[in-house]
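Here is the structure we will look at.
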Amino acid sequence: MNASFADMLRKASESPKALSVPELARLLAAEDEGERRALHAAAYAVKVRHVGRRVSVRGLVEAGNVCAKDCLYCGLRRSNAAVARYSLAADEILHVAEVAKARGYASLVIQSGEVESDVHTRFVEDVLRRIAPLDLGVTLSLGEQTEDVFRRWKDAGASRYLLRIETSDPAYYAKLHPAGHDWKRRVACLETLKRLGYQLGTGVMCALPGQTPEMLARDIAFFGEIDADMLGMGPYIPHPDAPLGVAPEAPDDAARLRLGLDLIAVARLHLHDVNIAAATSLQALAPDGRERGLLAGANVLMPNLTDVQWRAGYQLYPGKPNLDESAEDATAALERSVASVGESILWNARGDSPHFRRTMR
């Protein structure tokens, strides 16, 4: 590890947003294993300073795979006729929430494909109001909506919203999406969510065709500019029924995993006190992927509590793990995996973003 690399790690560890985009890109481009070990160690130390050796958990419910979007990388895209579409009933979602509460989860993530309609808006409102007596922190990941819809869902009980920007580069966004997908609208939605008082979550994929360390560095800088409170990021895993495919020089699974871990580490060093999830895609690339994500600076895990009969229908990418794992098994496996890296789970605690708490004082 050369002196300049060590200096960047020191500077980033001491203060948030201390590095320039070229410096962030240099960290992301590290190939020397000594440098990468130092990068992860520095990021982990920053995480421990802000949240300790503790992991916040969110029970994930995949509420439906109907989607109006046609993103070129996604297995759930509207044009994929091979997907058996489903939408959970309100009672089914409430049941998952009750299971989560009984098992010590204090936070829930409700995720689905992107749908915009008055029927859908009212359905989500009803679900949120029925969940409210359980006193869970609820994150929604339901795509782009109008300001009125975001406000109605917050009034009904949602406290967090995850909307990945996918890339902060408008031209590259256009390469990942067909006509009719608007990067400016996505940014406007993020700004609206922040203004309405949600804990704001966003993120990107890495190891996409044509993506560079400089582009990812600008993404991390964008997270700071939008004042994100939480991040969901993971490696791109090509889906056979999505047209994006891979570049001829596409990385193998090991390289995808390395970049996914490095992205977590650099984001942690740049933003310090945000919540960062160890994505399921890390585990799809290696059995210990999510544990390695924690050691690279992540502090949130989202085990899937959706009934197993629906899991196969929500595959954004192939090889998604734990399709037949029950909620009970998921919880037990979570305990073991977190303990294996010397961390503990914050049961019965919402695990709100330290960044959000600090900026709301």
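The values are calculated or read from the model by the stated rules, or taken from the named source; none is laboratory data. These figures come from a predicted structure and were not determined experimentally. Cβ coordinates were reconstructed from backbone atoms using ideal geometry, including for glycine residues, and neighbour counts include every protein chain displayed. With ligands, DNA and RNA removed, areas are computed over all heavy atoms of the protein, side chains included. Shrake-Rupley method; radii C 1.70, N 1.55, O 1.52, S 1.80 Å.
Would you pick out the residues in segment 53-67 that are more than 30 Å from Ala43 (Cα to Cα), open to solvent by 10 Å² or more (accessible area, probe 1.4 Å) and not in a loop (DSSP other than H, G, I, E, B)?
Ala63
Every residue in segment 68-79 that is touching a Cys at 6+ places or on another chain (Cβ under 9 Å), open to solvent by 10 Å² or more (accessible area, probe 1.4 Å) and in contact (Cβ under 8 Å) with a residue 60 or more places away in the chain, please. Steps first, answer last, please.
Step one: list which residues in segment 68-79 are touching a Cys at 6+ places or on another chain (Cβ under 9 Å), which gives 74, 76-78.
The next check asks that each one be open to solvent by 10 Å² or more (accessible area, probe 1.4 Å); those that pass are 74, 77-78.
Answer for segment 68-79, where residues must be touching a Cys at 6+ places or on another chain (Cβ under 9 Å), open to solvent by 10 Å² or more (accessible area, probe 1.4 Å) and in contact (Cβ under 8 Å) with a residue 60 or more places away in the chain: Cys74, Arg77.
For segment 258-280, give me the residue count where each residue is open to solvent by 10 Å² or more (accessible area, probe 1.4 Å), free of Cβ contacts under 8 Å to residues at least 60 places away in the same chain and assigned to a helix (DSSP H, G or I).
Final tally of qualifying residues: 1.
With His50, His120 as the choices, which residue is under 16 Å from Ile345 (Cα atoms) and at pLDDT 95 or above? First the steps, then the outcome.
On the way: His120 fails: under 16 Å from Ile345 (Cα atoms).
Of His50, His120, the one residue that is under 16 Å from Ile345 (Cα atoms) and at pLDDT 95 or above is His50.
Suppose we filter segment 272-294 for residues that are under 15 Å from the mean Cα position of the chain (by Cα) and of a type outside the set (Gly, Ala, Ser); how many remain? Quick ask: steps written out before the conclusion?
The initial filter retains those residues of segment 272-294 that are under 15 Å from the mean Cα position of the chain (by Cα), namely 274-284, 289-290, 293-294.
Subsequent filtering for residues that are of a type outside the set (Gly, Ala, Ser) retains 274-276, 280, 282-283, 290, 294.
Residues in segment 272-294 being under 15 Å from the mean Cα position of the chain (by Cα) and of a type outside the set (Gly, Ala, Ser): 8 in total.
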